[in-house]
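The values are calculated or read from the model by the stated rules, or taken from the named source; none is laboratory data. All of these numbers come straight from a predicted model, not from anything done at the bench. All Cβ positions, glycine included, derive from the backbone under ideal geometry; neighbour counts span all protein chains shown.
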Amino acid sequence: MFQHSESILRRAFENGMHELGELWRGINFMKRIYGLSNITNIIKDGDLPYPTTHQSEVAGMSIDLRNVSFSYPGGKLNAKALDDVPFSIKSGQLVILVGSNGSGKSTLVKLLARLYDASSGQVLVDGQDIQGYKMVDLRRATASLTQDHHLYPLSLSENIGLGNPTQVSETNMILDAAKKGGADSFIAKLKQGLSTILDPQTVQYSVMVQASDKTQVEKLKKTTDIPGGERQRVVASRTFMRFTSGTVKLVIADEGSSALDPEGEWELFKNLREERQGKTMVFVTHRFRHLTKFANVILCMKDPRLVESGTHNKLMKIPDGEYFKLYYIQAKAFDS
């Protein structure tokens, strides 16, 4: 009995020390977070509402880049991520950005989402300089699906519902979004379904648990994690939930299907196309063969310039062109 009591006291002390350490790390984390308030935001907000009154009935966003160049802050001197890029995207068009790694594709979509401003040149949205619009309005009008999006320590239902917070309790809408995002099958296999909590915060004990303490271990809430492909399906479902807001005019998919198999990616892009309804869509993917026949415009990037633009049929008539080369490299990879 004495040894058992001593063991309990020892674990209580060690757990208390662990909690103290966690508290200290949390305090330091909050210090870093609040320290961010001292950082100057170099992206200045505009004062023009979006969409403007005369554009409010137009379903898709039009975009024009006028000789845009861009260098990342703090990057190498004279190193351009984009160099003198011009193109136009009409309202409602489906556009595919292709190019080898480092050609500037992801940088372009960051400028379209106004995560950065061009170093030189101009980005126009519906005929107005993008910098003149209120950023909150631009964010409301844009749905982005990227490989960098995260899941949160919430239920699967809430993770998907965050796409449209005003409807986060609407289970039928969330189920529909999960189906379109391809997440419904694996969610149905989970014991708690949509109520499954992802990565819940739990206390991690630093001592060995004895066999007699198994009941205590079973009381601990275990972390639920899901693999990369399923994570992307949940994030994609959140994007479909975003569409229910009725405010989206631009859809950006930047490698948001990189962890899916070709069949899963094809199904995702099919569902995205079916949700088009006049929205402007910009897709960035290395596996673009199954999308080209649907594209109004293909923009081909290289080092980091726009070298070709047009339809698939037009670009395939340039046998020494960059798109022709990329297309056949991909064709060989799939046929081998």
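Criterion applied to 176, 184, 148 was being under 30 Å from residue 116 (Cα atoms) and either modelled with pLDDT of 95 or more or not small (Gly, Ala, Ser) (or both), and the one residue passing it is 148.
With respect to the conditions (1) over 16 Å from the mean Cα position of the chain (by Cα); (2) farther than 19 Å from residue 150 by Cα, residue 272 lacks only one, and its number is (1). Are any of the residues in segment 237-260 of a type in the set (Phe, Trp, Tyr), in contact (Cβ under 8 Å) with a residue 12 or more places away in the chain and touching a Gly at 6+ places or on another chain (Cβ under 9 Å)? The answer is yes; a qualifying residue exists. In this structure, is residue 327 in contact with a strand residue (DSSP E or B) (Cβ under 6 Å, 6 or more places away or on another chain), crowded, with 18+ Cβ neighbours inside 10 Å and hydroxyl-bearing (Ser, Thr, Tyr)? Against the criterion (in contact with a strand residue (DSSP E or B) (Cβ under 6 Å, 6 or more places away or on another chain), crowded, with 18+ Cβ neighbours inside 10 Å and hydroxyl-bearing (Ser, Thr, Tyr)), residue 327 does not qualify. Looking only at residues of segment 116-133 that are in contact with a helix residue (DSSP H, G or I) (Cβ under 9 Å, 6 or more places away or on another chain) and outside any strand (DSSP E or B), we find that the one that is surrounded by the fewest Cβ atoms within 10 Å (Cβ to Cβ) is 127.
Within segment 67-80, not a single residue is out of contact with any strand residue (DSSP E or B) (no Cβ under 6 Å at 6 or more places or on another chain), under 23 Å from residue 310 (Cβ atoms) and not hydroxyl-bearing (Ser, Thr, Tyr).
Considering (1) of a type in the set (S, T, N, Q); (2) under 30 Å from residue 78 (Cα atoms); (3) touching a Phe, Trp or Tyr at 6+ places or on another chain (Cβ under 7 Å), the lone condition that residue 122 does not fulfil carries the number (3).
Residue by residue, here is whether (1) surrounded by 20 or more Cβ atoms within 10 Å (Cβ to Cβ); (2) farther than 23 Å from residue 133 by Cα holds:
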position: 62; (1), (2): no, no
position: 77; (1), (2): no, yes
position: 85; (1), (2): yes, no
position: 92; (1), (2): no, no
position: 107; (1), (2): yes, no
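Within segment 162-173, residues that are farther than 15 Å from residue 234 by Cα have Cβ atoms under 6 Å from residues that are at pLDDT 95 or above and assigned to a helix (DSSP H, G or I) in these pairs: 167/173, counting only partners at least 6 apart in sequence or on another chain. For segment 87-144, the set of residues classified as within 24 Å of residue 273 (Cα to Cα) and of a type in the set (Phe, Trp, Tyr) consists of 87 only.
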